[in-house]
1. Using a 10 Å cut-off on Cβ to Cβ distances, tally the other chain neighbours for every residue of B:78-88 and report the average as a whole number.
2. Based on the Cβ-Cβ distance from A:Leu309 to B:Thr133, what FRET efficiency comes out when R0 is 60 Å, to the nearest 0.05?
3. Expressed as a whole percent, how much of the Cα-Cα distance distribution for segment A:9-112 exceeds 15 Å?
4. Between the helical axis of B:50-70 and the dominant principal axis of chain B, each derived from Cα atoms, what acute angle in degrees is found, rounded to the nearest 10?
5. Average partner chain C-beta neighbours within 10 Å, per residue of B:8-16?
6. Which of A:Trp282, A:Trp183, A:Trp136 moves the most in a Gaussian network model of chain A with Cα springs under 10 Å?
7. If you wrap segment A:187-263's Cα atoms in a convex hull and average its projection over all directions, what's the area in nm²?
8. To the nearest 10 degrees, how steeply does helix B:161-178 sit against the main Cα axis of chain B, on a 0 to 90 scale?
Amino acid sequence: MDGAVEGGDGLFRADSVTKVYPNGIRANDGISLHVAPGEVYGLLGPNGAGKTTLVKQVIGLLKPTSGRITLGGHDLVADPAAARQLCSYLPQAQVPIDSFGAREAIVLCGRVRGGDRAAVERRADELVEALDLGEWRNKRGIGLSGGVKRLVGFAMVTVCPGRLVILDEPTNDVDPLRRRMLWEQVRQLGDRGTGVLLVTHNVLEAEKAVDRLAVIDNGRLIAEGTPSAMKAHDRGNLRLQLMIAPGHDVPGTPPFVRHAALVGRNLMTVIDETDAAAGITWAREAIGAGVAEEYALSATSLEDAYIELTGHSGQNGDDDGGDGDDGGGG
Amino acid sequence: MAAWARSYRRMVAWDLADLRLYLPVLSAVLVLQGAGFVLGIGLLFSNMPESAALFLTTGAPVMNLVTAGLIFEPQLVAEQRIRGSYEFIQSLPVPRSASALAWYSVAQVIALPAVILTLLTGVVRYHLHLAVTPVIVPAVVLTCLTGVLIGLAVAHGVTAPMVANLVSVVMIFVMTGFSPVAFPASQLPGWLQTANQWLPFGSMAAIVRSALTNGALTNGALTTSVPRAYLVVGVWAVAAALVVAWAQGRRR
């Protein structure tokens with residue numbers, strides 16, 4: 001546990017972290033970011049962007065090719081045992097709880113993390129309640145659905161959290177109602193002073209949960225800021241979404257369209273709000289010509305900024321497969 | 001030290017809970033292995049000579065002790081790797097040594113009923129008289145611990161799950177068919193006798209058998225002394241522990 005670091009006590013900091021796999025793939029390229037105690041920090045990016053590679057280096061499962069990763073006064077690269085003590089980690093894959101009752105798994109994980117029995121049991125009961133897991137409280141993991149298992153995994157790593165909680169796609173498979181409950185618990189982690197490093201594809205949900213976020217693409221950090229700052233340059237803009245009819249080419253965009261990207265069959269465009277009427281006329285003509293099936297006009301969101309930055313949609317279902325970078329894809 | 005002991009206790013609780021659906025099955029498999037081997041080999045003889053029966057009966061429990069560590073852990077870790085949960089386990093804030101010793105304790109618990117039932121089967125079936133000495137305790141502990149450490153070395157050192165499973169199965173074949181565990185070393189060709197002076201399984205059998213027969217039997221003629229057998233097994237335990245430490249400490 002050596003290695004003093006600049007910055008306030010408890011500050012997590014990645015400095016110029018670069019990871020090049022033996023097969024030559026540069027999964028992370030000079031990534032620098034910091035997470036303050038109590039801050040919920042989102043890592044957004046398409047599949048293979050390098051998000052999971054980055055968090056695996058934080059927890060000591062991978063070693064950076066160069067760069068520093070520190071938490072308070074601890075050098076997490078030099079001392080992976082300290083990393084495991086200070087950080088708790090929910091990986092993308094399900095936690096191995098087939099033989100455990102849901103509450104039992106949460107309590108046992110808290111105890112393994114060094115928690116006092118009474119405090120861990122009390123907190124486990126709070127989490128079971130808060131995530132609406134009561135009906136599965138004593139049910140073995142082997143009989144739980146993927147979404148419930150995911151929630152139990154979340155409770156396992158947060159029942160006795162380290163100073164930094166790393167969550168890799170925590171809402172995968174979770175139903176919409178319990179997603180809200182989970183995000184509320186993520187917020188509460190921050191309120192209790194725990195830093196949260198959150199890897200997600202789900203831009204719309206992340207927008208509400210995070211204090212700050214970074215967008216990573218091709219291993220590089222390409223944007224960072226608060227959700228408001230990230231979409232500031234879209235202020236006064238609207239999103240006009242056109243669903244292209246099967247078998248038809250994407251129609252040419254009129255000059256007032258500021259930005260356009262094709263996501264699946266959806267042509268996502270950003271227009272000035274003063275061009276709303278012209279945009280609707282253009283969309284209706286496309287539908288009339290049979291080129292498009294429907295359109296939607298809405299306020300721009302963080303997702304539009306994200307699409308502009310990466311050219312990918314941040315919605316679940318579009319690219320929900322995770323980084324899966326065990327072989328170096330990162 | 002207190003933190004280490006706490007981690008050890010909690011990982012024992014974790015392992016026992018993790019295996020609770022399978023513990024009775026694993027123990028039953030070992031009983032079948034040991035007692036089945038003792039009874040099955042007997043079918044080859046109309047009247048098995050007492051010396052052969054004693055060799056067989058005192059060797060089969062060694063197979064139980066080794067198999068518990070050598071087969072189960074690589075299979076469990078292989079399954080964790082396939083399911084993707086290996087990294088979650090590796091991220092828990094537990095000293096690796098506490099985690100390894102916790103698994104040894106569980107393996108010992110799984111193996112012990114099989115060891116006792118295998119011995120009882122041989123004693124009853126062949127009307128044997130064993131002269132068990134207190135040295136049986138360190139002999140059993142060292143044998144099981146070494147089997148566990150070799151199993152852990154394979155489990156964590158070989159990252160391809162299928163290859164890890166194959167390596168552990170091959171080692172079991174070597175133990176069963178090509179090591180002086182259930183038969184005397186003198187039955188083996190010279191080069192295998194020499195090889196088994198350095199492989200762990202014959203030496204494991206020598207120390208357990210010696211403790212079960214008050215030193216009357218080791219692993220047959222042309223082999224080395226019991227103290228040397230302890231040394232060989234001890235060296236394998238240390239070497240395997242070093243491989244485990246290296247494999248768990250390495251980061252790509």
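Since every read-out is calculated from the coordinates, none of them should be taken as a lab result. Predicted model only: the values in this text are computed from it and were never measured. For neighbour counting, all protein chains shown are included, and Cβ atoms are generated from backbone atoms with ideal geometry for every residue, glycine included.
1. Partner-chain Cβ atoms within 10 Å, mean over residues of B:78-88: 5.
2. Here the calculated transfer efficiency is 0.20.
3. Beyond 15 Å sits 67 percent of the P(r) for segment A:9-112.
4. The helix B:50-70 is inclined about 0 degrees to chain B.
5. Across B:8-16, the average partner-chain Cβ count within 10 Å equals 3.
6. Among A:Trp282, A:Trp183, A:Trp136, the largest mean-square fluctuation in the Gaussian network model of chain A belongs to A:Trp282.
7. 7.7 nm²
8. Value to nearest ten degrees: 20.
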